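The values are calculated or read from the model by the stated rules, or taken from the named source; none is laboratory data. Just so it is clear, the model here is predicted, and its values are computed rather than measured. Positions of Cβ are backbone-derived with ideal geometry, glycine not excepted, and every protein chain shown enters the neighbour counts.
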Amino acid sequence: MNRFDEELKLALRREEPSPDFTDRVMARVAELQKQEKPREKTGWLRRLAEFFQPPQMKWATAGAMAVLLVIAGFGVHHRRESERMRLAEIAEGERAKEQVMLAMRIASAKLNAAQKKIRETAGHEGGSK
Amino acid sequence: MQRADDTLSRAKDGDQTAFADLVREHQAMVFSIAHYFSRDRATAEDLAQEVFIHLYQNLAAIESPAHLKFWLRRVTGHRCIDHARKHRVKTVSVEDAPEPVATADFRDSLMTEALRRIVATLPEKPRLVVMLRYQEDLDPSEIADLLDMPLNTVKSHLRRSLVILREKVTRSLGEIRV
């Protein structure tokens, strides 16, 4: 270290601040503590707010998503079941309709046969007269 | 060292007296960095106060007395640079300053005053580097670590600053040998 370095060291030697510096810092610290106390009183509010912040929020979101998924699953199942029942009812109706139609066709055929027989019988009787 | 450790751990546990002891122990260091940087006592006291309040709020992160010293120097340095950038501290132009009457009797005080004045005219980062080197007696590698600066940049700041300082002091003090 040369002379100039020594001069520089001397010029930049440490100095003390005003004598009341520490007291002023401690007064600011006391002020900070006072401000922190009312914050502690509203701790429950802070905890509630913290609940909606990560990582707690992640669990709440996961829970809500699970509930939504279960509800959606039930909804889809219910809708499918209703649809299935409606289709079964329609099919049943169709079957009943077909049976009625078949019965009517049979009845109609039988009626036709009876009518034919009556006409034939009437024809024979007319011819013999 | 054991006592310093004890004071730090008591302060971390919320002991106000221990924190006041920490302030007393380091206030000259923090204040002087801010003072020679800003060349204004009131500004330096405000900056130093802010540094200690910041320390109070971050005590939990301080691991040891050595870490505390490192932390204080780093935070003070950054606060000084931030303050200078925000307020664009008026730098003293050496050329505009009145020529001092240089007699041998006043040599020491003139030299000291001239050096302090000229250091204050250096750009922010070189100024901080010079102060940490000569006030805090730190090695260039320690300064590089403290300011997150490459070692060669620190060395270059020091070299250039010394050339400027020598030149300006010689011009300022006239015939007095530097």
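Given (1) under 24 Å from residue B:139 (Cβ atoms); (2) free of Cβ contacts under 8 Å to residues at least 12 places away in the same chain; (3) of a type in the set (D, E, K, R), identify the lone condition not met by residue B:82. For residue B:82, the exception is condition (1). For first residues located in segment A:9-30 and facing another protein chain (nearest Cβ under 7 Å) and without any contact (Cβ under 8 Å) to a residue 40 or more places away in the chain, partners that are small (Gly, Ala, Ser) and assigned to a loop (DSSP other than H, G, I, E, B) and lie 6+ apart or on another chain with Cβ distances below 9 Å form the pairs A:24/A:18. Looking at the structure I just gave you, is residue B:62 more than 28 Å from residue B:115 (Cβ to Cβ) and among the β-branched types (Val, Ile, Thr)? Considered against the rule, which asks whether it is more than 28 Å from residue B:115 (Cβ to Cβ) and among the β-branched types (Val, Ile, Thr), residue B:62 comes out as yes.
Criterion first (part of a loop (DSSP other than H, G, I, E, B) and either within 13 Å of another protein chain (Cβ to nearest Cβ) or surrounded by fewer than 18 Cβ atoms within 10 Å (Cβ to Cβ) (or both)) does residue B:63 satisfy it? In short, yes. Residue pairs whose Cβ atoms lie under 8 Å apart, sitting 6 or more positions apart in sequence or on different chains, and linking a residue in segment A:57-78 that is surrounded by 10 or more Cβ atoms within 10 Å (Cβ to Cβ) to a partner that is aromatic (Phe, Trp, Tyr) and assigned to a helix (DSSP H, G or I), are A:57/A:51; A:60/A:51. Going by the conditions given, is residue B:26 out of contact with any Phe, Trp or Tyr (no Cβ under 7 Å at 6 or more places or on another chain) and surrounded by fewer than 17 Cβ atoms within 10 Å (Cβ to Cβ)? So residue B:26 does not fit the description; no.
Evaluation of residue B:104 against the conditions (1) closer than 18 Å to residue B:167 by Cβ; (2) modelled with pLDDT under 85 shows that the sole unmet condition is (1). Within segment B:30-57, the residues that satisfy the criterion of being surrounded by fewer than 18 Cβ atoms within 10 Å (Cβ to Cβ) and either at the interface with chain A (Cβ under 7 Å from one of its Cβ atoms) or not charged (D, E, K, R) (or both) are B:42, B:53, B:54, B:57.
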